[in-house]
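Right, one structure below, let's go through it.
The values are calculated or read from the model by the stated rules, or taken from the named source; none is laboratory data. Just so it is clear, the structure is predicted and the values come from calculations on it, not from any experiment. Using ideal geometry, Cβ is built from the backbone for each residue, glycine included, and neighbour counts are taken over all protein chains shown. Heads up: the accessible areas ignore ligands, DNA and RNA and are worked out on the full protein's heavy atoms, side chains in. Shrake-Rupley method; radii C 1.70, N 1.55, O 1.52, S 1.80 Å.
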Amino acid sequence: MRGQAAAAFFFILLLALPFVSAAACTAADTPLADLNPAAARVALGTTLDGTFTVGNNVSAQLGFTPLTPERNITFDASSGAFSFTPSGAENATRILFYAVSPDGCVATRLATYAVLKPPAITATPIGTRITIPEARATLFSATASGAASTEWLLDGAPVNGSNESFLYVPDYNAAGSHNVTFEATSTDGITASEAWNVTVTNVNRPPVQVATIMPVLLPVGGDYLLNLSAYFMDPDKGPLAFTAMIDEPPAQYVAPANVTVIIDGSDAVVTGNAPGKSFVRFAATDNGNASVESPPVMYIVSDTRAGIPSVPYCGDKMCLAPENCSTCSKDCGGCEATTCTPQWNCTDWGDCLPGGYQYRNCTVVNGCENATVKPPMAQTCDYAPTCFDGIRNGNESGVDCGGPCGACPSCSDAVRNQGESGIDCGGPCGPCPSCSDGIRNQGESDVDCGGPCGPCAAGERCMKPTDCGSLSCVDRVCAQPNCSDGVRNQGESGIDCGGPCAACPTCSDGVRNQGEILPDCGGPCRACALHDYAPIIIRWTLLAAMALLLLGILYFLRAILTSRLLFLLQNRKTIHFFYEDAPTYALVRSWNSFARHFRFDRHKAFGSLVDQTYNEVVGLRRLPPEALRPALIGRLRGLYAALLDLSPGFEYDLLLYSLKRARLPFAVKVILLRNTKTLSLIELTQLYSDPGFALEDVLRGLGELKKAF
């Protein structure tokens, strides 16, 4: 449109050349233009705002034209405010701003803006979303051309990595969503980045046994409480389910013990039903069905005698101290003759175990191998609970926590523990936030969409374009994709083009677009050749030829009209037609009102002479009637003598001849002729018996003559 307007202005200027003459532009006529900024460095993806103004109170039409193929320029011609957003097609952009006054005086300013581009990044793995299990090593690699510095970030925090790679090994507490980012900064401080959203899946590790379950001596009918959570743990901090299996005793034992084991949560209650020995294996299973099993644990059940529980007696089918072959052959067998007395070397008593027993080992040191009497190997003791024995005892509310120990894990301690799948959620706590819980949480822009979840549909809330499936977030609401939203979506092959929209600009569509210099050449297309300019040259050549032809016709018509008018001026019978016929005279006056704006300065000087004469005639109103007529005739003759270079006593025929030869516009000549008639009528006193009427007619004629100049 700007080019069409310029062509139209040029065409009108050609038509007006025969009738218009302009003086040379001066400093006062030329707009004093100011451009701010005239030079700047603009980063790709940012917008530069500036102003182009005129400062010397000269009204001017403001405009601009880009000298490089750049389209992202907006300009307000009324205020001179403009903005420029580089597209990256050029390393520098030049824009010519211009201001044109009504007299055609032009001021220009050239803006040169360097475009700062970020480094170009090539990265692997390909894709922005990756899923890996815990403890799986993944190598991220990236190179950046034109980068002065690089940095790797994990969840926004810098991490140790080489310039081109980062090895990410998530630990067993890293399940969830993480972000790995590679940032590259150019020497100009422009940063580019490549990011991956890494989903780390939980790896279920099997439970482990953390403490040895010691053998226990039980009375018949007695119970032993065992807190299995003190002996097993889940590395993933999940809950455990416990089971118990009773094994048959080895063959060397006379009879198996009759015991029962009841599991209640993490508590195991072992009950002795009959004397003997039995072996129990305990197992722990986590939520992932992984399990671990303890070695067999021996439980010794003895009968109760004399109200003293847990004391061996002869006949309980176990040979335990203080029984021996001489005191209880039923359990220990008969004694053989011996010729020596055994000497025993016993260790110190061990720690008091949670079952209330402590043990030691004793060996014969004098070689008396047939010794049948042994020192006691076990005894009862009072166990003092601690906060690190791995057992829930004393006043603890959990295993080694609560009561005299530290606080137990909870669902509000901001720590992922006690089998939680997230921090204070999952496991024994409430469910963790997810993208399907029907709640707007975890940074979602709307319920279960946006942020870490999938994109939102049109009409749902958004915080940024990537929250929307249409990639268009308008007033924090996802917009329906369309062909004018400035976003590449809905299957478009380019921004708002291709797919369901109009075809995208190409280098063969016959249209000047996408920064092309001419249709389908320049900018992103091939370089323009000479034949590309041929249509433009032909078009302007034809326009110039038509303009010259029209100019010749106008000159011809002007010559004919001028010769005709000169003939009319010589013919006294027809000349009065121009000023006596009211419509014709009105047309002449209207044309003169338009043409007077394009007169030479010397014509305008004649207007000053008419103004002076008008003021002098106004002053004649004070004269008496007998002096008024000669004074009017003298003023008018003086005006015509000055305008046409005549003597004040000129004849009327000489006046017409001089008026015909004068270099004055035709419309001015007609108005002068009308006033010449007034002069001749005043001199004929019989037509103006009242000099006052003559004065008003003269003033009216001089007023029209003033407007003529």
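In table form, for the structure just shown:
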{"item": "Candidate set from region 157-174 (those that are touching a strand residue (DSSP E or B) at 6+ places or on another chain (Cβ under 7 Å) and open to solvent by less than 80 Å² (accessible area, probe 1.4 Å)); member that is farthest from Pro235 (Cα to Cα)", "result": "Ser165"}
{"item": "Matching residues in region 225-243 - criterion: being part of a strand (DSSP E or B), modelled with pLDDT under 90 and open to solvent by 30 Å² or more (accessible area, probe 1.4 Å)", "result": "Leu225, Met233"}
{"item": "Residue within region 438-449 that is part of a loop (DSSP other than H, G, I, E, B), without any contact (Cβ under 8 Å) to a residue 60 or more places away in the chain and over 24 Å from the mean Cα position of the chain (by Cα) present", "result": "yes"}
{"item": "Subset tally (residues that are in a strand (DSSP E or B) and either of a type outside the set (Gly, Ala, Ser) or without any contact (Cβ under 8 Å) to a residue 60 or more places away in the chain (or both)) for region 163-210", "result": "21"}
{"item": "Region 527-554 residues that are outside any helix (DSSP H, G or I), paired with ones that are modelled with pLDDT of 85 or more and of a type outside the set (Phe, Trp, Tyr) (beta carbon under 7 Å, 6 or more apart)", "result": "Ala527/Cys521; Cys528/Ile517; Cys528/Leu518; Cys528/Cys521; Cys528/Gly522"}
{"item": "Qualifying residue in region 504-520 (condition: loosely packed, with under 15 Cβ neighbours inside 10 Å, among the charged types (D, E, K, R) and over 30 Å from Ser484 (Cα atoms))", "result": "no"}
{"item": "Within region 39-59, considering residues that are over 24 Å from the mean Cα position of the chain (by Cα) and either modelled with pLDDT under 85 or of a type outside the set (A, V, I, L, M, F, W, C) (or both), the one most open to solvent (accessible area, probe 1.4 Å)", "result": "Asn57"}
{"item": "Among the residues listed as Arg129, Arg136, the single one being among the basic types (Lys, Arg) and more than 16 Å from Ala195 (Cα to Cα)", "result": "Arg136"}
{"item": "Test set (1) surrounded by 17 or more Cβ atoms within 10 Å (Cβ to Cβ); (2) part of a strand (DSSP E or B); (3) within 25 Å of the chain's Cα centre (by Cα) - Ser83 fails condition number", "result": "(1)"}
{"item": "Ser470 among the small types (Gly, Ala, Ser) and surrounded by 18 or more Cβ atoms within 10 Å (Cβ to Cβ)", "result": "yes"}
{"item": "Ser445 among the small types (Gly, Ala, Ser) and open to solvent by less than 40 Å² (accessible area, probe 1.4 Å)", "result": "yes"}
{"item": "First in region 46-62 and touching a residue at least 60 places away in the same chain (Cβ under 8 Å), second anywhere and among the aliphatic types (A, V, I, L, M), Cβ under 6 Å, 6 or more apart", "result": "Leu48/Ala40; Leu48/Val42"}
{"item": "Residues being without any contact (Cβ under 8 Å) to a residue 24 or more places away in the chain and part of a strand (DSSP E or B) - total across region 149-162", "result": "2"}
{"item": "Residue that is farthest from Ile423 (Cα to Cα), among those in region 175-192 that are open to solvent by 50 Å² or more (accessible area, probe 1.4 Å) and modelled with pLDDT of 90 or more", "result": "Glu183"}
{"item": "Candidates Ile246, Ile213, filtered to the one that is over 57 Å from the mean Cα position of the chain (by Cα), closer than 19 Å to Ile263 by Cβ, at pLDDT 85 or above and part of a loop (DSSP other than H, G, I, E, B)", "result": "Ile213"}
{"item": "Condition check for Gln379: outside any loop (DSSP other than H, G, I, E, B), open to solvent by less than 40 Å² (accessible area, probe 1.4 Å), among the polar types (S, T, N, Q) and at pLDDT below 75", "result": "no"}
{"item": "Cross-chain or 6+ apart pairs with Cβ under 7 Å, region 110-131 first and among the basic types (Lys, Arg), then surrounded by fewer than 17 Cβ atoms within 10 Å (Cβ to Cβ) and assigned to a strand (DSSP E or B)", "result": "Arg129/Asn197"}
{"item": "Among residues of region 609-648, those that are over 15 Å from Thr676 (Cβ atoms) and in a loop (DSSP other than H, G, I, E, B), counted", "result": "4"}
{"item": "The lone exception for Asn417 - which of (1) surrounded by 14 or more Cβ atoms within 10 Å (Cβ to Cβ); (2) modelled with pLDDT of 85 or more it fails", "result": "(2)"}
{"item": "Residue that is least open to solvent (accessible area, probe 1.4 Å) [pool: residues in region 640-677 that are under 19 Å from Val698 (Cα atoms) and among the charged types (D, E, K, R)]", "result": "Lys669"}
{"item": "Candidate set from region 442-471 (those that are of a type in the set (Ser, Thr, Tyr) and out of contact with any Pro (no Cβ under 6 Å at 6 or more places or on another chain)); member that is modelled with the highest pLDDT", "result": "Ser445"}
{"item": "Cys411 modelled with pLDDT of 85 or more and open to solvent by less than 40 Å² (accessible area, probe 1.4 Å)", "result": "no"}
{"item": "Residue list for region 421-437, filter: more than 23 Å from Asn197 (Cβ to Cβ) and either buried (at least 17 other Cβ atoms within 10 Å of the Cβ) or touching a residue at least 24 places away in the same chain (Cβ under 8 Å) (or both)", "result": "Asp424, Gly427, Pro428, Cys429"}
{"item": "Hits in region 649-703 (condition: of a type in the set (Asp, Glu), modelled with pLDDT of 75 or more and in a helix (DSSP H, G or I))", "result": "Asp653, Glu696, Asp697"}
{"item": "Some residue of region 628-636 being open to solvent by less than 20 Å² (accessible area, probe 1.4 Å) and closer than 13 Å to Leu705 by Cβ", "result": "yes"}
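Quick grid of which residues meet (1) in contact with a helix residue (DSSP H, G or I) (Cβ under 8 Å, 6 or more places away or on another chain); (2) exposed (fewer than 13 other Cβ atoms within 10 Å of the Cβ); (3) not in a strand (DSSP E or B):
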| position | (1), (2), (3) |
| --- | --- |
| Thr68 | no, no, yes |
| Ser79 | no, yes, yes |
| Thr93 | no, no, no |
| Phe97 | no, no, no |
| Thr112 | no, no, no |
| Ile121 | no, no, no |
| Ala135 | no, no, yes |
| Leu139 | no, yes, no |
| Ala147 | no, no, yes |
